[in-house]
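The values are calculated or read from the model by the stated rules, or taken from the named source; none is laboratory data. In this text, all values refer to a predicted model and were calculated from it rather than measured experimentally. Here the Cβ is made from the backbone with ideal geometry for all residues, glycine too, and neighbour counts use every protein chain on show. Protein only, heavy atoms only, side chains kept; ligands, DNA and RNA dropped before computing areas. Shrake-Rupley method; radii C 1.70, N 1.55, O 1.52, S 1.80 Å.
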Amino acid sequence: MTHVLKRARTGVAAVLTWAGLMAGLAGLTGCTVGETFTESKSRAPGDTIRISPEDGARNIKRGDRIEVRIPDGRLERVDVARVDGAQRTKLPGLTSDDGLVWSPEAEARVELAAKYSVDVVAVDGEGRRSARHSTFTTAVPKHRFIGYFQPENRSTVGTGMIVSFDFNRRIENRAAVQRAVRVTSDPPVEVVGHWFGDRRLDFRPREYWKPGTKVMIELRLRDVQAAPGVFGIQEKTVAFTVGRSQVSLVDAEKHTMEVRRDGALVSTVPITAGAPKTTTYNGKMVVTELYDVTRMNGATVGFGGEYDIKDVPHALRLTTSGTFLHGNYWASPDTFGSTNVSHGCVGLRDVKGGSSDTPAGWFFDRTLVGDVVEVVNSRDKTVAPDNGLGGWNLDWPEWKAGSAVAG
């Protein structure tokens, strides 16, 4: 339900290497009631931002066309970047004199075996802003596999961060691949891997990371055999730092969100959660992306034409299936703290265009990727552990049972 652009100030802490885990996301995402609705790869009705390659495209060659185009108005921001390497690398490009087309510079080429994100904000002929986000992956040599991972190298993240890998091919020899990925920390804690199916491997400790922890990820996948005739090509080391602790408790029945820093209550914020027929998931969810402006279209998540809001401010992604905590300027101010009206998201009061002086802007400015938002007292099930970084909803024995390596 979103067309989105990442907010510049989030930097490496917010620009995730979402890997194939997020490759399933469409350019449009949305507030969801349950796991029946998933993001659509089709463009939303009325969408005028055209991105080539299409969202979710795979096996893009170096000579394939990369372009952003709009029919009128102007392109306000275009950001195309590789997001799965040791650092985020922008693809240099130019916008045409009329402001309608962006394309890479003449000598710029995408790298192979890589994931790219495309984030666009455009202003149409009537001055209205719209945003769009998409991803594509480039070709991987035949009979080779790679793992797209998060978080990004040198990022500072919240204490709920889970290290997540998504592989571009099915992994049959899970034990060999898991042994080739080493996650260690200072101060040291036990970190265990858990497989979700045959393409995704997540790592976490028993409890949330302690603030200030330094975490190192060592990939030694080169020539590791994942399946008959399929071998790895990655050999790299990346690291991230755990920042302060921020855990927010959303009570859907009380219509409040208690924000705690390092265990101390900082603020109690009035919220609106999912309406009775479109409830919000219960459980622990981790912020994985931050967007200053987001498009939310109900048609992409099974809600028909119930809503299409092109400029939702201050949006934080909580699940892969489309649950967000976001600013809301269209509901009456007395909605917040008194009633639940959303399609599954958590809404905070905001103004059109967004403002740091609103509850939504205040919270957005104080949030890191990796911060935890827990929802309680909603009349819905607990979020699935593989929906976003929902692994904290498994207890430690359950988590360790998903490892392919004994220990």
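Side notes on the structure shown:
- The set of residues in the stretch 232-255 being in a strand (DSSP E or B), open to solvent by 10 Å² or more (accessible area, probe 1.4 Å) and farther than 30 Å from Phe145 by Cβ consists of Val247, Leu249, Asp251.
- Residue in the stretch 97-106 that is touching a residue at least 40 places away in the same chain (Cβ under 8 Å), more than 28 Å from Glu218 (Cα to Cα) and open to solvent by 40 Å² or more (accessible area, probe 1.4 Å) present: no
- So Ser40, is it farther than 23 Å from Gln234 by Cα, hydroxyl-bearing (Ser, Thr, Tyr) and modelled with pLDDT of 90 or more: no
- Output for the stretch 64-106, where each listed residue is basic (Lys, Arg), closer than 19 Å to Glu54 by Cβ and not in a loop (DSSP other than H, G, I, E, B): Arg69, Arg82
- Any hit, the stretch 322-345, residues being touching a helix residue (DSSP H, G or I) at 6+ places or on another chain (Cβ under 7 Å) and open to solvent by 30 Å² or more (accessible area, probe 1.4 Å): yes
- Scanning the stretch 222-252 for residues that are among the hydroxyl-bearing types (Ser, Thr, Tyr) and either farther than 18 Å from Val163 by Cβ or touching a Gly at 6+ places or on another chain (Cβ under 8 Å) (or both) turns up Thr241, Ser245, Ser248.
- Of the residues making up the stretch 168-184, those that are more than 17 Å from Phe149 (Cα to Cα) and either touching a Cys at 6+ places or on another chain (Cβ under 9 Å) or of a type outside the set (D, E, K, R) (or both) are Asn173, Ala175, Ala176.
- Condition check for Gly361 on (1) part of a loop (DSSP other than H, G, I, E, B); (2) farther than 25 Å from Arg204 by Cβ: one failure, at (1).
- Selected residue (only one of Val230, Val191 is aliphatic (A, V, I, L, M) and touching a residue at least 40 places away in the same chain (Cβ under 8 Å)): Val230
Yes or no, residue by residue, for (1) of a type in the set (Val, Ile, Thr); (2) open to solvent by 10 Å² or more (accessible area, probe 1.4 Å):
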site	(1), (2)
Asp84	no, no
Thr95	yes, yes
Ala113	no, yes
Gly125	no, yes
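- Candidate set: the stretch 331-358, residues that are polar (S, T, N, Q) and in a loop (DSSP other than H, G, I, E, B); chosen: the one nearest to Ser321 (Cα to Cα): Asn340
- If you go through the stretch 367-407 and keep only what is assigned to a loop (DSSP other than H, G, I, E, B) and surrounded by fewer than 15 Cβ atoms within 10 Å (Cβ to Cβ), you end up with Asn377, Arg379, Lys381, Asp395, Val405, Ala406, Gly407.
- The stretch 256-269, subset out of contact with any Ser or Thr (no Cβ under 6 Å at 6 or more places or on another chain) and of a type outside the set (A, V, I, L, M), residue least open to solvent (accessible area, probe 1.4 Å): Ser267
- Tallying residues that are touching a strand residue (DSSP E or B) at 6+ places or on another chain (Cβ under 7 Å) and closer than 18 Å to Arg144 by Cβ within the stretch 199-231 yields 12.
- Of the strands (runs of 3 or more DSSP E) lying entirely inside the stretch 145-217, those containing at least 1 residues that are among the polar types (S, T, N, Q), modelled with pLDDT of 95 or more and open to solvent by 10 Å² or more (accessible area, probe 1.4 Å) span 181-186.
- Those residues of the stretch 315-360 which are under 19 Å from the mean Cα position of the chain (by Cα) and among the small types (Gly, Ala, Ser), in sequence order: Ala315, Ser321, Gly322, Gly327, Gly344, Gly347, Ala360
- Out of Val286, Val301, Val312, one residue alone is among the hydrophobic types (A, V, I, L, M, F, W, C), touching a strand residue (DSSP E or B) at 6+ places or on another chain (Cβ under 9 Å), modelled with pLDDT of 95 or more and surrounded by 14 or more Cβ atoms within 10 Å (Cβ to Cβ). It is Val286.
- All of Ile162, Ile146 fail the test of being of a type outside the set (Ser, Thr, Tyr), under 20 Å from the mean Cα position of the chain (by Cα) and over 22 Å from Val287 (Cα atoms), apart from Ile146.
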